[in-house]
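Report on the structure given below.
The values are calculated or read from the model by the stated rules, or taken from the named source; none is laboratory data. Remember, it's a predicted structure, so these values are computed and weren't measured experimentally. Neighbour counts run over all protein chains shown; Cβ positions are idealised from the backbone, glycine included. Each accessible area value is taken on the protein alone, full model and side chains, heavy atoms only, with ligands, DNA and RNA left out. Shrake-Rupley method; radii C 1.70, N 1.55, O 1.52, S 1.80 Å.
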Amino acid sequence: MVTKTVVSNFKHIMSGKMYFFFKKSVWRYLLATLMIAVVVPIKQYNFITSFLIYFFGLLLIVFPIMIMAASVQGKKMGFDAEVTYSEEKITIRHRNKDLVETKDWNWIKKISATKDRFVLVVNQRQQFVISLAKDELTQDEIAFFERKK
């Protein structure tokens, strides 16, 4: 059994947005800007330079929007809970309201492990991730999430 505090603040929401950006969106942006560079290259530059200008220009638009959205969602969401993960269920004890929820493991769509953290993608309409740093987990807790992957 593992119990961790999960708070939806700017840092948590932004790390989730970055996770989804690098897992899914970056490939779409690369492909889109590649197609644009092929069809409409910038006249004084070659194809590769045009592609890089388009790609980084798009990122200059996307990242500020992601930052603003994370800021608004972090304030609006108000998720502050102690989450207990056991073999058969997940218990959420909200600290900012008098509510205890019990979920089964279908609530977690996917568990990914990187070298320094576990990322739990929550199965709900609005994208939400729970990020757990491995250096804040015991060896037993790390083994628990490795089994659940």
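Within the group VAL2, VAL6, VAL26, which residue is aliphatic (A, V, I, L, M) and either surrounded by fewer than 17 Cβ atoms within 10 Å (Cβ to Cβ) or out of contact with any Phe, Trp or Tyr (no Cβ under 9 Å at 6 or more places or on another chain) (or both)? Give the steps one after another, and end with the answer.
Details: VAL2 fails: either surrounded by fewer than 17 Cβ atoms within 10 Å (Cβ to Cβ) or out of contact with any Phe, Trp or Tyr (no Cβ under 9 Å at 6 or more places or on another chain) (or both); VAL6 fails: either surrounded by fewer than 17 Cβ atoms within 10 Å (Cβ to Cβ) or out of contact with any Phe, Trp or Tyr (no Cβ under 9 Å at 6 or more places or on another chain) (or both).
None of the other options fit; the residue is VAL26.
Search segment 63-89 for residues being of a type in the set (Val, Ile, Thr) and part of a helix (DSSP H, G or I), and hand back the single one that is modelled with the lowest pLDDT. Checked segment 63-89; the qualifying residue modelled with the lowest pLDDT is VAL72. Scanning segment 38-74 for residues that are under 17 Å from the mean Cα position of the chain (by Cα) and not aromatic (Phe, Trp, Tyr) gives VAL62, PRO64, ILE65, MET66, ILE67, MET68, ALA69, ALA70, SER71, VAL72, GLN73, GLY74. Scanning segment 63-75 for residues that are hydrophobic (A, V, I, L, M, F, W, C) and in contact (Cβ under 8 Å) with a residue 12 or more places away in the chain, we see that the one that is surrounded by the most Cβ atoms within 10 Å (Cβ to Cβ) is ALA70.
Based on this model, can you work out whether LEU60 counts as open to solvent by 80 Å² or more (accessible area, probe 1.4 Å), over 30 Å from THR91 (Cβ atoms), assigned to a helix (DSSP H, G or I) and not β-branched (Val, Ile, Thr)? Yes; evaluated as a whole, the condition is true for this residue. Just to be sure, is LYS43 loosely packed, with under 14 Cβ neighbours inside 10 Å and closer than 17 Å to VAL2 by Cβ? No: the conditions fail for LYS43. Of the strands (runs of 3 or more DSSP E) lying entirely inside segment 90-149, those containing at least 1 residues that are at pLDDT 90 or above and of a type in the set (Lys, Arg) span 90-94, 99-103, 108-113.
Among the residues of segment 96-149, those identified as polar (S, T, N, Q) and open to solvent by less than 60 Å² (accessible area, probe 1.4 Å) are SER112, SER131.
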